[in-house]
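What follows is a single structure, written as structure tokens, with notes after it.
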Amino acid sequence: MAVTLAPGLSRKLKKVLESRTDSPDLLASLNTLSTFYTENTQQSRRNLRSTIEKRSLSINHEFLQASESAQQALDRVEEEVNALADSCDKIAKALNSCSSSTGDIISTTERLKQELDITTQRQEIVSLFLRDYQLSNEEIKALREEDLNENFFKALSHVQEIHANCKILLRTHHQRAGLELMDMMAVYQEGAYERLCRWVQAECRRLGDTDNPEVSDLLKTAVRCLKERPVLFKYCAEEVANMRHNALFRRFISALTRGGPGGMPRPIEVHAHDPLRYVGDMLGWLHQALASERELVLVLLDPDAVTDTGPTARRYSQDTEIDSAKTESDVTFVLDRIFEGVCRPFKARVEQVLQSQPNLIVAYKLSNTLEFYSYTISDLLGRETALFNTLRILKDAAQQTFFDILKTRGDKLLRYPPLVPVDLSPPLAVREGVSVLLEIIETYNSLMVPASVKKLDFEPVISALLDPIVQMCELAAEAHKSKASHSLRRNRTSSDSSQFSRESSSPVDAILTKSNSIPSSQSNEMPSKIFLINCLSAIQQPLLGHDVAAGYVRNLRSMIEKNVSNLVEKEVDAILRKCGLLNKISQIQSLVDNNAIYNVPLAEVEGTAPASLSESLRAFFGLVLGSEGSLPEFEQMQVPQLRSETSIRVARSLAEAYGIVYDAIMDPKNCYPDPKSLARHPPDQIRTILGI
């Protein structure tokens, strides 16, 4: 039998059936239900709803009891909030009533705030203006009243900055203010510079009281500032020059007469007996003093030139180079003034040394010493200064003294020429003169001069020393020649009485006797020529290898060559005249050269007849072969090379002369009957015999 359910019930049933029993909510509900649903009876199931509702009602009662205190607290909060809202309303009403009265105050405050900002900006501008265009009281006091210190220079630097700023101000519409400020700063500036100049002059006077003063940094700074005022700077430079001038003069006189502290070093005038050391010590002292004074003056007048070193040194522009040149000119002016005082005592003492007639070497060394120091001092001091001019005058005086001694020495040699020794060796004066010249050359070579300066010409020194010696030797040789000629004339007079008896013998003997008994006048010149050659060689040989004497050596070589050639010519002429061949050779040459009269054979000419030639050639062969005498060997020539060369040249000239005669005899045109018997030896044999 089918059971029909009401629609509502069926939906519930369906919902129950479709609900899931494992859902968390359902499980939680069942767990809660199990806590108070303990008995599953019909009555309990009927009362389940009411039980649940009671349960819910009890829970709500518990909640209400539990939240009662919180509710009370909330009520109190609500009351306070309401009271606060009432207060706010009252304040709002009060503010609304005050807003109308405080509006004017707020606008006034904003206006005052803007005015305060403007005033603050103006105050800053005024502060900057005062800083850039006004001096503070402390700075004015430092410029006028306080002792000179770093604050003074800071204030002066500030014055210069303000002065420069005023120039910029003149370019704006504030020209009147700029002019007034410039005038005010100019007054401060001029007063400060005058005060600075007086202070520097006082400091410079204190520097003159000591030998090696120390320059303070404050004085260097003061000099840097004064360089901005050339006139004041010049006054201070002159003050420095005057103070150091007097101090240097006292130091120089003290070094000359008293020496150093405690007598060491000794006074320079202790060595006045030694001219070289005396003058050298004075020059050395002056050079050392110049170096120290130059360093002091540079530190004073140009401190930046001493301190600017290293990688941060100043980079010199064109303006800086001009300033440097100006500073160098100022330094030279001051140093010239400082050393002007020592020129007179130094010059007087050197002139005394020169007037004491030192020897030749000392005079030349003095001249070289003065010349060396003149170059050295010109590099430090300049050429247009009193000390350099003094050194130049003294150098010229020493040089003139040297040449005067040479002239006196030469005049004495020429006035009393020595006699020619028997061995024809050079006199002692030649060796002494050459020795002195070698020492002078050594001194000249040791002179150190700058590369840009050319050494003085040494040729006048050589000429002044050697020319009188050469002339002396020539005078001695001429005197010896005149004496020999006088003796020869006396001997020839005594031998004239036996001439006629010699002519009575055979013709050949007469010719030989005549040729042997009539010596030529030129043969008497051989000793004097050899003596002169020995003297010239003795002068030339030691000078070889010295560059400064190269020109004079060439002149001596030319003179020796001339005398050797003359000696060879004279000796050859004497030998040929002794053999009777001299005139014959001249006649043969003239007849051969003159073709117009060559039609006459030489055999028919009186001077070149076979008999005459035969006798002359016999005498010539006797000399060559050594049977009738010997050829000159010039044993008294002291230079072996010249001796050998002269002998060879004599032999060569004789062989050439014989060759002329031999060619003339062998020429068929000359019509000699038996030429081979007349000229028995060909020229080759004669050259072999003569060793050429």
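What the table below lists for this structure:
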quantity	calculated
Cα gyration tensor, segment 187-293 - rounded (a/c under 1.5), prolate or oblate	prolate
Point-to-point label distance, Leu475-Asp117, nm (Cα→Cβ direction, 7 Å offset)	11.7
Nearby aspartates and glutamates by direct alpha-carbon distance to Lys407 (threshold 17 angstrom, same-chain neighbours under 8 apart not counted)	Asp396, Glu432, Glu459, Asp467
Exceeding the 30 Å Cα-Cα cut-off - candidates Lys141/Lys167; Lys113/Lys154; Lys412/Lys529; Lys326/Lys365	Lys113/Lys154; Lys326/Lys365
Cα pair distances in segment 584-692, grouped into 10 Å bins until the bin that holds the longest one, percent each	14, 41, 28, 13, 4, 0
Residues Tyr552, Tyr235, Tyr133, Tyr658 arranged by fewest to most Cβ contacts within 10 Å	Tyr235, Tyr133, Tyr552, Tyr658
Relative packing of 103-112, 391-400, which averages over residues the other C-beta atoms within 10 Å, highest first	391-400, 103-112
Over segment 584-692, relative contact order from alpha-carbon pairs under 8 Å, at least 6 apart, %	31
Gain upon complete extension [Asp86, Glu39; 0.36 nm per residue less C-alpha separation]	10.9 nm
Local electrostatic count at Leu475 - Lys and Arg +1, Asp and Glu -1, tallied over other residues with Cβ under 11 Å	0
Only Lys, Arg (+1) and Asp, Glu (-1) charged, at Cβ; segment 65-180 dipole about Cα centre in debye	900
Cross-link reach list, aspartates and glutamates versus Lys483, counting only Cα pairs under 20 Å and skipping chain neighbours closer than eight places	Asp423, Glu474, Glu525, Glu571
Arg344 paired with Val270, simple spin-label distance in nm, labels 7 Å along Cα-to-beta-carbon	2.9
Between segment 623-675 and segment 333-370, the alpha-carbon center distance in angstrom	65
Packing-based order for 50-62, 460-472, using average beta carbon neighbours within 10 Å, highest first	460-472, 50-62
Segment 330-369: C-alpha pair distances exceeding 16 Å, %	51
Ranking of Phe36, Phe153, Phe388 by count of other Cβ atoms within 10 Å, fewest first	Phe36, Phe153, Phe388
Cβ-Cβ FRET estimate between Ser50 and Asp75, R0 fixed at 30 Å, reported to 0.05	0.30
Positive-end residue, segment 584-692 charge dipole about Cα centroid, Cβ charges, pick of Gln587, Phe634, Ala611	Phe634
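No lab work stands behind these numbers, since they all come straight from the coordinates. Because the structure is predicted, anything quoted here is derived from the model rather than measured. Cβ sites come from the backbone with ideal geometry, for glycine too, and all protein chains shown count toward neighbours.
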